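A.B. asks: Let me give you the structure first, and then I'll get to my questions.
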């Protein structure tokens, strides 16, 4: 895809996808990071905390399915993850049923030292069953159409 | 118990992680669903010109998140957290996360703390992730 193809997709949101937050998925995710926080691992401990259930670590929403933007074909090579940011509105807890969607919200082309780069900004949204916003995230991905680099 | 009062210039409690391992990258791929082979398949990563597998940027961000949630404690909340990925992390690298308080406000019984955060790798002490975070902790 070229700049103009990405530009046509600006602001087109994926259809929200239902994601169920599983305690096993939280434990595995925390385990991969090597984070022993009992709120992520120990149900009895979490039950006595103000959260009442196992809590998801701050970057856990990376694991969600955000659906498909119709017409978007992301290259699988030549991508670099440039930036990631989160705004947290509510905690994500084991057992939550959440709806996740995303859109391409900005695209720019730059001439870099290593060739042409396309900067893609994706905005991610996670809502609960009541339609309340739980978390928002923004990810900047650098795509070098001529290849090179890695995610 | 009196909660710690943050002041601009205060360091957060740094977190040094055990060396990143290839097994960890396989585990993070599985746990996160990011199966890009540059993180797990040595031949693929070499062909891509990387000289070998590299860690997911999001794994290092997860380390910084661990430092933050340890700092914040169970009564506090992380409000926002963002980073730029500035250098690559490879198996064997030892990552240390750190942060410095930039601004402190008081709001409705909470102190709201904004800080610069980063992760650096050893050897070399090169910053690999650089960002900011805002959290709140009860004043009492």
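The values are calculated or read from the model by the stated rules, or taken from the named source; none is laboratory data. As the structure is a computational prediction, the values presented were derived from the model and not from experiment. Cβ: placed from backbone, ideal geometry, glycine included. Neighbour counts: every protein chain shown.
A.B. asks: Being surrounded by fewer than 17 Cβ atoms within 10 Å (Cβ to Cβ) and modelled with pLDDT under 95 narrows it down to one residue among A:79, A:3, A:10; which is it?
C.D. replies: Answer to the selection: A:3.
A.B. asks: From the list A:17, A:68, pick out the single residue that is more than 9 Å from every other protein chain (Cβ to nearest Cβ), modelled with pLDDT of 95 or more and loosely packed, with under 13 Cβ neighbours inside 10 Å.
C.D. replies: A:68
A.B. asks: Select from segment A:51-65 the residues that are in a loop (DSSP other than H, G, I, E, B) and facing chain B (nearest Cβ under 7 Å) and write down the one among them that is surrounded by the fewest Cβ atoms within 10 Å (Cβ to Cβ).
C.D. replies: Top of the filtered list is A:57.
A.B. asks: Here's another thing I want to ask about it. Would you call residue B:71 more than 7 Å from chain A (Cβ to nearest Cβ), in contact (Cβ under 8 Å) with a residue 24 or more places away in the chain and surrounded by fewer than 22 Cβ atoms within 10 Å (Cβ to Cβ)?
C.D. replies: Answer is no for this residue.
A.B. asks: Which residues, counting only those in segment A:21-38, are in a helix (DSSP H, G or I), at the interface with chain B (Cβ under 8 Å from one of its Cβ atoms) and buried (at least 21 other Cβ atoms within 10 Å of the Cβ)?
C.D. replies: A:29, A:32, A:33
A.B. asks: Here's another thing I want to ask about it. Any residue at all in segment A:141-150 that is under 22 Å from residue A:51 (Cα atoms) and away from chain B (no Cβ under 13 Å)?
C.D. replies: No: zero hits.
A.B. asks: Take segment B:74-115 and flag every residue that is within 20 Å of residue B:24 (Cβ to Cβ) and facing chain A (nearest Cβ under 7 Å).
C.D. replies: B:83, B:85
A.B. asks: Sticking with this one: Out of segment A:96-113, which residues are assigned to a loop (DSSP other than H, G, I, E, B) and out of contact with any strand residue (DSSP E or B) (no Cβ under 8 Å at 6 or more places or on another chain)?
C.D. replies: Selection gives A:113 alone.
A.B. asks: Taking segment A:80-95, which residues are assigned to a strand (DSSP E or B) and facing chain B (nearest Cβ under 8 Å)?
C.D. replies: A:80, A:81, A:82, A:83, A:84, A:85, A:86, A:87, A:88 - these are the residues of segment A:80-95 that are assigned to a strand (DSSP E or B) and facing chain B (nearest Cβ under 8 Å).
A.B. asks: Might you check whether a residue that is within 11 Å of chain A (Cβ to nearest Cβ) and buried (at least 18 other Cβ atoms within 10 Å of the Cβ) occurs anywhere in segment B:4-14?
C.D. replies: no
A.B. asks: Name every residue in segment B:31-64 that is within 20 Å of the chain's Cα centre (by Cα) and facing chain A (nearest Cβ under 7 Å), in order of residue number.
C.D. replies: Answer for segment B:31-64, where residues must be within 20 Å of the chain's Cα centre (by Cα) and facing chain A (nearest Cβ under 7 Å): B:31, B:32, B:33, B:54, B:57, B:58, B:59, B:61, B:62, B:63.
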